[in-house]
Each structure stands twice: as structure tokens, then as C-alpha cells.
There are 2 protein chains.
Amino acid sequence: MASKLKERKRTPVSHKVIEKRRRDRINRCLNELGKTVPMALAKQSSGKLEKAEILEMTVQYLRALHSADFPRGREKDTHKKIFMTMLRK
Amino acid sequence: MASKLKERKRTPVSHKVIEKRRRDRINRCLNELGKTVPMALAKQSSGKLEKAEILEMTVQYLRALHSADFPRGREKDTHKKIFMTMLRK
């Protein structure tokens with residue numbers, strides 16, 4: 001009985017802690033994206049951006065980077081190189 | 001009095017709708033990032049990724065793209081070009 005009570009007491013706390021860590025990870029990334037994506041960085045001077053806005057700008061930026069006018073062969077090589085480096089980490 | 005009641009009735013519904021739209025925008029972007037970021041795309045074959053994971057991989061990927069071994073001048077030109085195109089939209 002005592003151990004059951006102890007368990008019941010601990011569960012909400014650890015759930016709260018896990019949930020906070022999850023939100024912190026997400027918010028850290030959104031902060032970083034806000035500083036990395038040029039459009040988001042520029043718009044932040046006129047007020048804080050919503051999460052959805054930062055993400056939409058990130059998607060737009062990646063699309064633009066992928067379709068940018070790199071010499072085709074070079075673009076493929078670079079993406080492959082980056083991907084292989086990340087897989088090795 | 002009647003109009004106040006009407007207002008009170010409507011508010012939670014429209015809040016729910018607005019909140020749903022916001023979540024939908026975020027989820028659409030996360031889906032798109034999951035398909036665009038190579039590391040996320042590769043990992044999804046072994047199960048659904050958490051939001052935080054997709055975002056961390058996106059940050060990692062953008063960092064890698066930014067520090068990739070492009071000829072310096074060309075990289076700057078391309079980013080500037082993309083940024084200017086996005087601003088014009």
C-alpha cells in the first residue's frame with residue numbers, strides 16, 4: 001500500500017518533468033531556427049514570431065535552398081556528403 | 001444580456017477552431033520537414049519521429065548546409081539570392 005502511494009505521488013512529477021524537457025527541446029530548436037532562417041531573423045525585428053510562422057519560413061527556406069541554382073552535380077554531391085557525415089555521428 | 005450570452009457561447013468554439021488551425025499549420029510543417037530533412041526521412045522507416053526529434057534534425061541539417069564546403073563566394077551569393085527572392089514574395 002505504501003509503495004503504491006509512493007508511486008502515485010511520483011508519477012505526475014516525473015511526467016511533468018519529461019513534458020517540460022520535451023517542450024524545452026522544441027523551444028530551443030524553434031529559437032535556433034528563428035536565428036538561422038534569414039526570413040525569420042528579418043521578421044523578428046517587428047515582434048515575436050509564432051511557432052507556426054517560424055516553421056513555415058523554415059520549410060520555405062529549405063525548399064528554396066533545394067531548388068537553388070547550384071550546379072546540379074555539385075548540389076547532389078554536397079547533400080550526399082552532409083547526409084553521410086550526419087549518419088556517422 | 002442576450003447578446004452577451006451569445007458572445008459567451010461563441011467564444012470557446014472559435015478559440016477551438018483557431019487553435020486547431022494553428023496546430024494544423026504546425027503539423028503540416030513538421031510533416032514537410034520530416035520529408036525534406038534527409039536524416040529525418042531515413043529515421044522514419046524505423047517508426048514515427050517525435051516533434052522534438054524532427055526539429056533537432058532540421059537544425060542540424062541547416063547548420064551542416066551552412067557550414068558545407070561550398071566555394072565561399074558562391075555560398076554567400078546563393079543565400080543572398082534566396083533571401084532577396086523570399087522578401088519579394
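One table, with the values for the structure above:
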read-out: Sole residue being more than 9 Å from every other protein chain (Cβ to nearest Cβ), at pLDDT 95 or above and either open to solvent by less than 100 Å² (accessible area, probe 1.4 Å) or out of contact with any Ser or Thr (no Cβ under 8 Å at 6 or more places or on another chain) (or both), chosen from A:20, A:51, A:9, A:16; value: A:20
read-out: Residue in the stretch B:33-45 that is within 17 Å of residue A:50 (Cα to Cα) and either touching a Pro at 6+ places or on another chain (Cβ under 7 Å) or open to solvent by 90 Å² or more (accessible area, probe 1.4 Å) (or both) present; value: no
read-out: Residues located in the stretch A:39-57, provided they are assigned to a helix (DSSP H, G or I) and over 17 Å from residue B:23 (Cβ atoms); value: A:39, A:40, A:41, A:42, A:43, A:44, A:45, A:46, A:57
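The values are calculated or read from the model by the stated rules, or taken from the named source; none is laboratory data. This is a predicted model, so every value here is computed, not measured. Don't worry about glycine lacking a Cβ; one is built from the backbone with ideal geometry, like all the others, and counts go over all protein chains shown. Calculation scope for accessible area: heavy atoms of the full protein, side chains included, ligands and nucleic acids excluded. Shrake-Rupley method; radii C 1.70, N 1.55, O 1.52, S 1.80 Å.
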